[in-house]
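Data block below; observations after.
The values are calculated or read from the model by the stated rules, or taken from the named source; none is laboratory data. In this text the structure is predicted, and so the values were computed from the model without any measurement. Heads up, the Cβs are rebuilt from the backbone with ideal geometry, glycines too, and the neighbour counts pull from every protein chain shown.
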Amino acid sequence: MSKIILFNKPFNVLSQFTDKGTEGSERQTLSEFIDVPGVYAAGRLDKDSEGLLVLTDDGVLQQEISNPKHKWPKTYVVQVEGTLKQSDVDQLSKGVTLKDGITRPADAELIDEPAGLWERNPPVRFRKSVPDSWMMITIAEGRNRQVRRMTAAIGFPTLRLIRYSVGNFTIDDIANGEWRETKF
């Protein structure tokens with residue numbers, strides 16, 4: 001039976017168990033949160049993003065989740081700088097042009113700030129004179145920093161990015177920095 005771990009990754013944590021970065025760097029890794037031998041991340045989540053990271057000891061499942069050709073949907077809660085309008089979100093639903101080509105259409109909707117959202121450490125830097133907005137976006141491809149680049153392409157820099165789900169796996173009932181084992 002395959003092990004599948006759902007981890008609610010905090011901000012500023014690398015999506016790997018060791019840090020092969022600069023000597024003397026003190027970046028947090030998965031090993032500070034998860035002590036389960038033989039599991040590896042199925043895909044990546046940037047250190048400056050939060051939320052669901054799926055880990056497994058099943059190489060086939062790991063490849064299926066992380067390879068964009070399998071089109072596993074990934075849903076994100078996104079806080080952006082500026083006031084989003086429906087017309088802005090509609091651009092994401094049609095696909096936007098990035099340096100590496102046009103994205104596939106995304107499912108995107110305006111939302112209120114999610115209730116019960118944990119505090120980020122360190123907090124998001126706000127500009128008092130600039131409002132912020134929230135949206136939920138689902139993509140089925142996995143380009144590098146794709147959601148951040150998509151929001152920037154429509155004029156709204158991402159302030160906070162939280163992956164809520166990968167396929168049917170979610171962070172529901174998993175506190176930030178915590179994990180649980182599940183079945184496929």
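At-a-glance table
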quantity: ARG120 vs. criteria among the basic types (Lys, Arg), surrounded by fewer than 18 Cβ atoms within 10 Å (Cβ to Cβ) and on the phi > 0 side of the Ramachandran plot; calculated: no
quantity: Failed condition for LEU45, given (1) exposed (fewer than 15 other Cβ atoms within 10 Å of the Cβ); (2) in contact (Cβ under 8 Å) with a residue 60 or more places away in the chain; calculated: (1)
quantity: Output for segment 104-121, where each listed residue is under 17 Å from the mean Cα position of the chain (by Cα) and assigned to a loop (DSSP other than H, G, I, E, B); calculated: ALA106, GLU113, PRO114, LEU117, TRP118, GLU119, ARG120, ASN121
quantity: Qualifying residue in segment 122-138 (condition: under 14 Å from the mean Cα position of the chain (by Cα), outside any helix (DSSP H, G or I) and β-branched (Val, Ile, Thr)); calculated: yes
quantity: Candidate set: segment 134-157, residues that are among the β-branched types (Val, Ile, Thr) and crowded, with 20+ Cβ neighbours inside 10 Å; chosen: the one farthest from LYS74 (Cα to Cα); calculated: THR151
quantity: Odd one out for GLU64 among (1) under 21 Å from PRO123 (Cα atoms); (2) not in a loop (DSSP other than H, G, I, E, B); (3) not hydrophobic (A, V, I, L, M, F, W, C); calculated: (1)
quantity: Which numbered condition PRO105 misses (of (1) farther than 17 Å from LYS71 by Cα; (2) touching a Gly at 6+ places or on another chain (Cβ under 8 Å)); calculated: (1)
quantity: Residues of segment 18-57 that turn out to be aromatic (Phe, Trp, Tyr) and either modelled with pLDDT under 90 or not in a loop (DSSP other than H, G, I, E, B) (or both), as a count; calculated: 1
quantity: Segment 93-103: number of residues that are assigned to a helix (DSSP H, G or I) and either touching a strand residue (DSSP E or B) at 6+ places or on another chain (Cβ under 8 Å) or in contact (Cβ under 8 Å) with a residue 12 or more places away in the chain (or both); calculated: 1
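Results for (1) in the same structural domain as GLY43 (by TED's automatic domain parsing); (2) within 24 Å of ASN8 (Cβ to Cβ); (3) modelled with pLDDT under 95; (4) in contact with a helix residue (DSSP H, G or I) (Cβ under 9 Å, 6 or more places away or on another chain), shown as yes or no for each residue.
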| position | (1), (2), (3), (4) |
| --- | --- |
| GLY59 | yes, yes, yes, no |
| VAL78 | no, yes, no, yes |
| SER93 | no, no, yes, no |
| GLY101 | no, no, yes, no |
| ASP107 | no, yes, no, yes |
| GLY116 | no, yes, yes, no |
| ALA140 | no, yes, yes, yes |
| ASN144 | no, yes, yes, no |
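Residues are listed down the side, and each one gets a yes or a no for (1) among the small types (Gly, Ala, Ser); (2) over 19 Å from THR158 (Cα atoms); (3) in contact (Cβ under 8 Å) with a residue 12 or more places away in the chain:
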residue: GLU32; (1), (2), (3): no, yes, yes
residue: ALA41; (1), (2), (3): yes, yes, yes
residue: THR75; (1), (2), (3): no, no, yes
residue: GLN91; (1), (2), (3): no, no, yes
